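Heads up, the thing below is written out as structure tokens.
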Amino acid sequence: MIADVRVRAGLAADGAKWRAEASAQITGDEPVFAGHYPGFPIFPGVCVLECVTRGAELTAPEPGVLRGIESARFLGAVFPGDEIDIDLEWTRRDGDWVCKAGVSVGSRTVGSVRLGYGVGVVA
Amino acid sequence: MNVTLPQLRRLLPHRYPILLVDRVLDVVPGEHIATVKAVTCNEPWYADLGDEVTDEELAYPSTLLVESWAQSAGVLAMLTAGGPEALRDKVMLLGSVSGVDFHEPVYPGDVVEHRIGLRRDMGETMIFDGESLVAGRTVVTVTSAVMAFRPAEQLRPEKAGVISGGIPA
């Protein structure tokens, strides 16, 4: 659907946490730029969020389903040609997983996201 | 108030493939809105699916449900702020969302109804909450979403002047 999200550093234990890194090159030919917005291309916040969920799913400590977005803050605009770096941090909570992610373009922070993943059977 | 289909198109700057509101059912500017998004398997997100697929692969991307909900909030924001003319040289951006829960998957053929309330209006920043339903069942709840209209020239000085409220000027 959108940008190829790649794992840059696989899951590694850090105390009680697990960390990983992913990245995505946002090229000017992303189809979404045609409509967001015509003549004024800005990579939509939810597409940044989608890249984070892909990065999360590629590095998840165990298979799970996205139950919710606890928070997602879009702190800076992402433009054609930007490469976004995603730092992921997984922690256990009540048998499920919380994935915190910091998103940056170069030295600029563009997003901060906290996702909840459920493990096992989903209603 | 009633929003016709041509009017809806003038109220949102989004276009294919990321125009994710099909119809406004009801809106009271400054208060609330109800909209419809019809999901089909002909959307670009499904373009790369093969012949053998799972239910999971056919589920509508959760992030796009949030986008569709947020665009509906954008229609309410636009009408509350006085329309594209009142938002000259501004760009509509989603600032943040929190407390979003996905209760059930949404599939092609589903008609999603978004219901949104305006909780706080601070002029160029507005805060919304609400939910999305399919056939009367709640599929998504949103505790809070912040929408902002930001100056185009601040975002992309070289492109300022081509956009008004997010609508091409």
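Observations on the model:
- Options B:54, B:63, B:80: the member that is away from chain A (no Cβ under 13 Å) and hydroxyl-bearing (Ser, Thr, Tyr): B:80
- Check on residue A:94, under 25 Å from residue B:46 (Cβ atoms) and at pLDDT below 95: no
- Which numbered condition residue B:53 fails, given (1) free of Cβ contacts under 8 Å to residues at least 60 places away in the same chain; (2) in contact with a helix residue (DSSP H, G or I) (Cβ under 7 Å, 6 or more places away or on another chain); (3) closer than 27 Å to residue A:68 by Cα: (2)
- Of the residues in region B:14-25, at least one is free of Cβ contacts under 8 Å to residues at least 40 places away in the same chain, of a type in the set (Lys, Arg) and within 13 Å of chain A (Cβ to nearest Cβ).
- For region A:34-71, a tally of residues being more than 8 Å from chain B (Cβ to nearest Cβ), hydrophobic (A, V, I, L, M, F, W, C) and crowded, with 23+ Cβ neighbours inside 10 Å returns 5.
- Flag for residue A:91 being β-branched (Val, Ile, Thr) and more than 11 Å from chain B (Cβ to nearest Cβ): yes
- Taken as a whole, the condition of being within 14 Å of another protein chain (Cβ to nearest Cβ), buried (at least 23 other Cβ atoms within 10 Å of the Cβ), under 19 Å from residue A:50 (Cα atoms) and in contact with a Ser or Thr (Cβ under 6 Å, 6 or more places away or on another chain) does not apply to residue B:106.
- Qualifying residue in region B:27-49 (condition: out of contact with any Gly (no Cβ under 6 Å at 6 or more places or on another chain), more than 9 Å from chain A (Cβ to nearest Cβ) and in a helix (DSSP H, G or I)): no
- Restricting region A:80-99 to residues that are within 16 Å of the chain's Cα centre (by Cα) and of a type outside the set (Asp, Glu), the residue that is surrounded by the fewest Cβ atoms within 10 Å (Cβ to Cβ): A:91
- Complete set of residues in region B:62-80 that are among the hydroxyl-bearing types (Ser, Thr, Tyr) and touching a helix residue (DSSP H, G or I) at 6+ places or on another chain (Cβ under 7 Å): B:63
- Hits in region A:1-25 (condition: within 14 Å of chain B (Cβ to nearest Cβ), more than 11 Å from the chain's Cα centre (by Cα) and either surrounded by 12 or more Cβ atoms within 10 Å (Cβ to Cβ) or under 15 Å from residue A:91 (Cα atoms) (or both)): A:1, A:2, A:3
- Checked against the criterion of being more than 9 Å from the chain's Cα centre (by Cα), touching a residue at least 12 places away in the same chain (Cβ under 8 Å), outside any loop (DSSP other than H, G, I, E, B) and closer than 26 Å to residue B:149 by Cα, the candidates A:52, A:32 yield just one match: A:32.
The values are calculated or read from the model by the stated rules, or taken from the named source; none is laboratory data. What you see is a predicted model; the values in this text were computed from it and never measured. Note: ideal-geometry Cβ built from the backbone for every residue, glycine included; neighbour counts use all protein chains shown.
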